[in-house]
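Asks: Sharing a structure here in structure tokens format.
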Amino acid sequence: MISELEHAKHLAELGGLQAGFEEEGLQTELLERSPDIPLHVLLLALGKDRQNRDRIINLSFVPMPESDIEWIRLLQLYSIVPCVVAPDRRSAVESVLLAANGVLPLGHFGIKEDGEVYARYVYTVPSSRTVSGDELLEVVSLFHYMLEMFADRIERVASGELSADEALQELG
């Protein structure tokens, strides 16, 4: 369990990141924790995907008991890959996710029990300083590139438009 002070620090730091992103012309929304949202979350809009759907990254600090980790903090970047995985396509999607994870520069793709496909990266920040906006912009850029490279291919496999073997051949 993290303290109220730690929650307040997270909110302040996410607010600072929000201001920095908005200075760069990016759209954001900061959601404060509530009974429905257990952590403060900064939503960062990346524009539209190839299907004209909003692509959004959720940024939130991973709660860690203060006694467990002293020198670092963890900032999670999380984005949903909007696709419906039919039960008979799940193993094909899993094969493509495994192959994609082998070539990603950072983070990974995964699939939840309910079929939600996601991209996730946990950025390590020294406890002695706040998150560098410039560094985080580069991380966000790589994360966005990762989504651009693989999300459409994953969705095509999930829908049956592309077989796992075809997607794996495209990955080279």
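The values are calculated or read from the model by the stated rules, or taken from the named source; none is laboratory data. Note that this is a predicted model, so its numbers are computed, not measured. Because the Cβ atoms are built from the backbone with ideal geometry, glycine has one as well, and the counts that use them run over all protein chains shown. Note: accessible area is taken over every heavy atom of the protein model, side chains too, but ligands, DNA and RNA are not part of it. Shrake-Rupley method; radii C 1.70, N 1.55, O 1.52, S 1.80 Å.
Asks: Determine, from the Cβ-Cβ distance of His108 and Met64 and an R0 of 22 Å, the FRET efficiency 1/(1 + (r/R0)^6), rounded to the nearest 0.05.
Replies: According to the calculation, E is roughly 0.65.
Asks: Now for a separate question. Normalise the Debye intensity by I(0) for region 68-145, one equal point scatterer per Cα, no solvent, then take log10 at q = 0.13, 0.22 Å⁻¹ and round to two decimals.
Replies: -0.50, -1.01
Asks: Of all accessible surface on region 14-90 at a 1.4 Å probe, what whole percent is carbon and sulfur?
Replies: Carbon plus sulfur share of accessible area: 51 percent.
Asks: Here's another thing I want to ask about it. Tilt of helix 4-23 relative to the longest C-alpha principal axis of the chain, in degrees (0 to 90, nearest 10)?
Replies: It is inclined by approximately 60 degrees.
Asks: Considering the chain as a Gaussian network with a 10 Å cut-off on Cα pairs, which listed residue, Glu70, Glu148, Glu22, attains the greatest mean-square fluctuation?
Replies: Most flexible of the set in this elastic network: Glu70.
Asks: While we're looking at this one, here's another question. So what is the accessible area of the chain per residue, in Å², with the probe set to 1.4 Å?
Replies: On a per-residue basis, the chain sits at 56 Å².
Asks: A follow-up question, please. For a Förster distance of 35 Å, can you work out the FRET efficiency between the beta-carbons of Glu29 and Ser163, rounded to the nearest 0.05?
Replies: 0.40
Asks: Please compute the modelled spin-label separation between Tyr118 and Ile2, points set 7 Å along Cα→Cβ, answer in nm with one decimal.
Replies: 1.5 nm
Asks: Can I ask one more? On C-alpha positions alone, give me the angle between the axis of helix 90-101 and the longest principal axis of the chain, in degrees, nearest 10.
Replies: 60 degrees
Asks: Where the eigenvalues come from the Cα gyration tensor of region 1-160, what are the semi-axes √(5λ) of the equivalent ellipsoid, largest first, in whole Å?
Replies: After diagonalising the Cα gyration tensor, the semi-axes are 29, 18, 15 Å.
Asks: Where does each of Ile111, Ile56 land when they are ordered by accessible area, with a 1.4 Å probe and the largest first?
Replies: Descending order: Ile56, Ile111.
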